[in-house]
Amino acid sequence: MDTALAALYLIADPYVLFIIVLSSAFGLFVGAMPGLTATMATALLVPITFFMPPVPALAAIVTASAMAIFAGDIPGALLRIPGTPASAAYTDEAYAMTLKGQAELALGAGVVFSAIGGIFGTIVLVTAAPALAEVALRFSSFEYFWLVCLGLTCAVFIAQDSAIKGMIALFLGLTVALIGLDNPAAVPRFTFGVTDLMGGIDMIQAMIGMFAIAEVLRAVAAANLRLPPPKPVSGPIFKGQWLLTKKYPVQIIRGSAIGTLIGALPGAGADIASWITYATSKRFSKEPEKFGTGHVEGIVESGAANNAAVSGAWIPALVFGIPGDSITAIVIGVLYLKNLNPGPTIFLEKPEIITALFTVFFLANIVMIPFGWLAIKSAKQILAVPREVLMPIVLMFCIVGAFAINNSPFGIGVMLVFGVIGFLMEDNGFPVAPVILGIVLGPMLEQNFVTSMIKSDGSFLFFFERPIAGMLGVTTLAVWGGMAWKGLRALRPVPA
Amino acid sequence: MLKRRTFLASATAASAVAGLGFKPARAQAAWPTRPVTFIVPWGAGGGTDQTARIVASLLEKDLGQPINVVNRTGGSGVVGHAAIAQAAPDGYTIGMITVEIVMMHWQGLTEFKDTSYTPLALMNSDPPGVQVKADSSYKNVKDVVAAIKANPGKLKASGTGQGGIWHVALAGWLQAMGLKPDTVPWVPSNGAAPAMQDLAAGGVDIVTCSVPEARAMLDAGKARSLAVMSPGRNPAFPNVPTLKEELGIDWTISAWRGIAGPPGLPANVGAKLVASLDKAYKSKDFQEFMAQRGFGTVWGDPQGFAKHMAADDAKMGSVMKALGIAKA
Amino acid sequence: MKINDLVAGVVLFALAVLILVYAQTLPPMPGQRYGAAAFPTVVALGLGGFSLMLAGQGWRERRPDTRWIEFSAWAHERHTRGNFVIALVLIAVYVLLSERIGFIPLSIAILVFLFLRQGVPLRRGVTIAVATTLAIQLAFSDVLRVPLPRGLLTEILW
C-alpha cells in the first residue's frame, strides 16, 4: 500500500504529466512521419531523459514508443507508406480500405485496438514481471548463462528470410561486444591503444547509428523526399469500433496474446508481432479471401498485437536485463545510466518506481484514444512537414544525442560507423535487431560463463546441478538440437 | 612603404604581447569568469557521481559560476581519469579522481598515476567489509578464516571486476594472514550490486565490497557484515568489528575519492579551489548528505592527499604484483 | 549497395580469422582456465562458420551474369550519390573539428549545406538552420548542461 501511494505521488506530479503529454505528441509525430521509427523516437529521447529523474524519464520513453507504434498506421492508411515497420504488415490492407472510402474505420480500428492491445500487454507485464522476479532472485550465474543462451537463440526467429544472415548479424554484435576493458579478465581487447575504445562501444550510440543515421542516409540518398498529398479523413473515427469489438473478440485476444509473447521474446518486437498476427488472422479467418481487399479483420488483430508487443518487451528487460526488442535495449541502457540496474533486485529496491512505471503504461494506452483521434484529424498537417528540412535536423539531433552519452566526440564517430554498417546491412537483407541483441547479451554471456567456471572450479557439471539451471540447460540444448536437425535436413538435397 | 610595414609588424607584436599578457591575467585574477567543467570518470547515479554532484553544487554556490558535472565514463574509469589529466591547466576543468588511479597504471591500462595531477582535496573514503549470506554458518570473521584455511580454494569471493579495489582488498587481507592471495578465488562481477545478489543467491561465499554498497542487502536481511577493513568501526554500523579487533592483523584499505586538476594548475587558482572545497567539506549540507548515504568523510589538503595517494600506490603495487595482475 | 553473398561471406570470414588470431595474443587470467581469449575465440569460430555457410550459399546460387557488387539506383545518380557522401563527410568533419570550431558555427554550416542540397531555398534554409542550432544550444547546453563544445566562440560568448 505504501508503495502504491509512493508511486501515485511520483505520477501525480504535474511535471510527469506534462512530460507524458509532450512525449505523446512527440511519439505521434515521429511514428506518423515515414522514415522515423519508434526505436528512433526512443533513441532521440535518450539525451533528454538523461537529465530527468527516473520516473519522468521512463514515462517519456513508454508514452513515446506506444504512440509511435500506433501512429505508424496513419501514413499507412493515407499514403500507403508505413510510418514505422510495425505497421508494414497491414499497410496495403489499410490503404485498400481508404480507397473504398473507409479510412475512418481503418484508422479508428488502429487507435482503438492499439490501445486495447497495449492495455492487455500491460496487464501481463504487471502480473508476470514481479512473479518472474521472485523466481529470478534465486538465479546465479549458471541460470543466467542458460537464459542468455536462450535469448541469443531468438536471433534466428528475428531473421525472417535468412537464418544464416540473422546468425551473422548476431555474431557481429557479439564481436562488437568484445571491444574494450569491461570483460571478466579486465584485459583491454581490440582497443589498439586507443583510450576511447577502452570503454567499449556504447550500445546507445551504436543504436542511434543503426536505427537513425542509417535512416537519414537512406532519406538523403532518395531522389525526392516530398510526400504525396494524403487522402483526406473527414468522418467520425470511433463509429463502428464497438461493432468490430463484438464481431472480432477472438482476434483481439489472440492478437494481444501473441503480440505480448513475441514482445517478451528477446530481440523480437512490434514489427515481427504484426507480421505474424496478420498471418494468423488470415489463416484462422472465416473469410480469408477478403484479406488484401480492404478487410478490417487483420488490422484489428495485428494492430492490437504490435502495441501489446511494446508492453511485453519490458518483461525480460526489467526482470533479467535482457531486451525484449530494440526499444527496450535502449531502455536497459537508460536504466543503467540512472543507476536502476535491471534485474530482480529492482523490484525489491525500487518498488515505487516499478509501480509508477506500470501506471504510466496504463495511462499512456488510455490517453492514446483522445491523442490518437487528434493525430488522425491533423494527419494532413503532420504529413505536410517537409522531410527535406526534417531529415537534416534529425541528423543534428543524432549528433548531439550521441555526444551527450559520454560527452566525447568519439561517440559521434561510433554513431557514424554504425550508421554505415546499418545501412549496408539493411541493403543486403541482414536484420539489424540481432546485432543489438549481441551487443547487449555478449558481455552477459561471457561474464556468466567465466564466473560460473571459476565457481565450479572448471567443471561443466555445475551448469546442470542446480535445479532451475538444469531445466534451462536441457531446454536450451533441446532447442539447439532441434534447430540443427532442421538445418541439416534442409541442406540435404531432396531425392527426386 | 618600409615604414608602413614596420608599423604593421610592431602593431602585430604589440597586440600579441598584449594578448599574451591579458589571458593569464584574466585567468588568474578573476578566476572563474566562465563555467567550470567538473569531470567524473564514473557513471551518473553511482556513489562517485553523487559525491561529485554535491561537491559541485556547493562549489557553484561559493564561486558564483556554474560547475558543470560531466560524466566521462568507460574503460573502468580510464577514459575519465585521462580526460582530467590531459585538460588545459587553466582552472576551467577539474575532476574527481578515485582509488583506481593508483591501481590502473600497475596493470598497464594507462600511463596516468597519482603524480599526473594537481591534488586539491581528499573528501571521502569507504573501507570494505567482509559480507556473507544471512543464513550462512559463519558467525564471525574467525569462522570464515578457519573455513578458508581448512579448504584452500573452496570459498569464492566477489565484489567488483578482476583486479578491482575489492579484489585487492581481499588479496591483501589474505596476505596479511600469511596466506597466498589466491587462496580464495575471485569471481569478477560488474560492480558490488550484482555481487551482493549473487551472494544472496548462493553463487559466492564472501563479498568484500564497501559497507554503503552492501547496505541495501544488509538492511533487507539477506546478508551480514562480519568485519570492516578500517582502523576504526563505522558509526553507521557500530556492531561490526574491525579486522584488527577480530584477528589482530593490521590490514586496512579503502576506496577513496578526491578532487584534482591537471598538472600545472596556477597556484592562486588552486588556493581558491582548496579554500572553497574546505568550506564545502565543513558544510552541514555535505556532511548530512554523506552521512545519509553511509559514505565516510575524510579531509586531506593538497599535501595530505598527495601523501595518501603515494602510500596507497605502494600498497596496491605490492598486492597486485603478488596477485600476478601487475605488469612487470 | 548489394554485395553478393559470396563476397560478403568471404569478407566476414577474413574478419573472423583476424579476430581468432588476435584473440590468441591475449594474456591468460592468472590461475584460471578461461581467460580473456576464450570468448573471442568462440565468437570468431561462430562468425567464421556462418560466414562460410553464407559464402557457400552465394557460390551455389551464382550465375554467369552475377555481379559481385551491385550499386542501387541512388549510387548511379550523381546528385543522390553526392548527398550520401556529403552526409557522411559532414558527420566526420563534426567529429574532427567540433572541439576547435564549436557547436554553433559547425551546426549552422552543416544544416545550411544539407538544406541547400535538398533544394530548400537559401534564405529559408539559413533561418531554419540558425533557429534549430540556437534551440539545440539552449535546450542541451543551457538547460540540460551537455557541454557542447564552444570552440571559436569561447572568448566571445563566455
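Screening B:ALA146, B:ALA227, B:ALA150 for residues that are away from chain A (no Cβ under 14 Å), out of contact with any Lys or Arg (no Cβ under 8 Å at 6 or more places or on another chain), surrounded by 20 or more Cβ atoms within 10 Å (Cβ to Cβ) and more than 29 Å from A:ASP182 (Cβ to Cβ) leaves exactly one candidate, B:ALA227.
Table: residues versus (1) away from chain A (no Cβ under 14 Å); (2) modelled with pLDDT of 90 or more; (3) under 12 Å from the mean Cα position of the chain (by Cα).
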| residue | (1), (2), (3) |
| --- | --- |
| B:GLY77 | no, no, yes |
| B:GLN86 | no, yes, no |
| B:GLY91 | yes, yes, no |
| B:THR98 | yes, yes, yes |
| B:HIS105 | no, yes, no |
| B:GLY108 | no, no, no |
| B:PHE112 | no, yes, no |
| B:THR118 | yes, yes, no |
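If you go through the range C:17-39 and pick out every residue that is within 14 Å of chain B (Cβ to nearest Cβ) and surrounded by fewer than 16 Cβ atoms within 10 Å (Cβ to Cβ), you end up with 5.
On inspection, C:GLU77 does not qualify as more than 7 Å from chain A (Cβ to nearest Cβ), acidic (Asp, Glu) and closer than 28 Å to A:ALA222 by Cα. The set of residues from the range C:50-83 being under 23 Å from C:ILE19 (Cα atoms) and either touching a Phe, Trp or Tyr at 6+ places or on another chain (Cβ under 8 Å) or at pLDDT 95 or above (or both) comprises C:PHE50, C:SER51, C:LEU52, C:ALA55.
Among the criteria (1) under 21 Å from the mean Cα position of the chain (by Cα); (2) more than 13 Å from chain B (Cβ to nearest Cβ); (3) of a type outside the set (S, T, N, Q); (4) buried (at least 24 other Cβ atoms within 10 Å of the Cβ), the one A:ILE399 does not fulfil is (1). For the range A:320-377, filtered to residues that are aliphatic (A, V, I, L, M) and in contact with a Pro (Cβ under 8 Å, 6 or more places away or on another chain), the residue that is nearest to the other protein chains (Cβ to nearest Cβ) is A:LEU340. Return yes or no: is A:ALA109 within 20 Å of A:THR245 (Cα to Cα) and at pLDDT below 95? So A:ALA109 fits the description; yes. What are the residues in the range C:109-136 that are closer than 24 Å to B:THR37 by Cβ and either in contact with a Ser or Thr (Cβ under 8 Å, 6 or more places away or on another chain) or touching a residue at least 60 places away in the same chain (Cβ under 8 Å) (or both), if any? Result: C:THR133, C:ILE136. Residues that are within 14 Å of chain A (Cβ to nearest Cβ) and of a type in the set (S, T, N, Q) were ranked within the range B:42-75; the one that is farthest from A:ALA404 (Cα to Cα) is B:THR51. For C:GLU99, the conditions (1) of a type in the set (Asp, Glu); (2) facing chain A (nearest Cβ under 7 Å); (3) free of Cβ contacts under 8 Å to residues at least 12 places away in the same chain all hold with the exception of (3). Out of B:PRO241, B:PRO181, one residue alone is surrounded by fewer than 21 Cβ atoms within 10 Å (Cβ to Cβ) and either farther than 30 Å from B:GLY95 by Cβ or within 13 Å of another protein chain (Cβ to nearest Cβ) (or both). It is B:PRO241.
Would you say B:PRO212 is within 14 Å of chain A (Cβ to nearest Cβ) and part of a loop (DSSP other than H, G, I, E, B)? So B:PRO212 does not fit the description; no. Annotation note: Cβ proximity below 6 Å between a residue of the range B:307-328 that is among the small types (Gly, Ala, Ser) and a residue that is surrounded by fewer than 17 Cβ atoms within 10 Å (Cβ to Cβ) (sequence gap 6+ or interchain) occurs for B:GLY324/C:PRO30.
Of the residues examined, C:ALA14 is not one that is in contact with a Phe, Trp or Tyr (Cβ under 7 Å, 6 or more places away or on another chain) and more than 8 Å from every other protein chain (Cβ to nearest Cβ).
Exactly one residue out of A:SER141, A:SER114 is polar (S, T, N, Q), farther than 29 Å from A:PHE410 by Cα, more than 10 Å from every other protein chain (Cβ to nearest Cβ) and surrounded by 24 or more Cβ atoms within 10 Å (Cβ to Cβ), and it is A:SER114. Residue-level check: of (1) more than 8 Å from chain A (Cβ to nearest Cβ); (2) hydrophobic (A, V, I, L, M, F, W, C); (3) surrounded by fewer than 21 Cβ atoms within 10 Å (Cβ to Cβ); (4) out of contact with any Gly (no Cβ under 7 Å at 6 or more places or on another chain), C:LEU88 misses just (1).
Of all residues in the range C:40-61, those satisfying the criterion of being at the interface with another protein chain (Cβ under 7 Å from one of its Cβ atoms) and within 26 Å of the chain's Cα centre (by Cα) are C:PRO40, C:VAL43, C:GLY46, C:LEU47, C:PHE50, C:SER51, C:LEU54. Restricting attention to the range A:175-218, the residues that are more than 7 Å from every other protein chain (Cβ to nearest Cβ) and among the basic types (Lys, Arg) total 1.
The values are calculated or read from the model by the stated rules, or taken from the named source; none is laboratory data. On a predicted model such as this, the values are computed, not experimentally measured, just so you know. Positions of Cβ are generated from backbone atoms using ideal geometry, with glycine treated the same way; all protein chains shown enter the neighbour counts.
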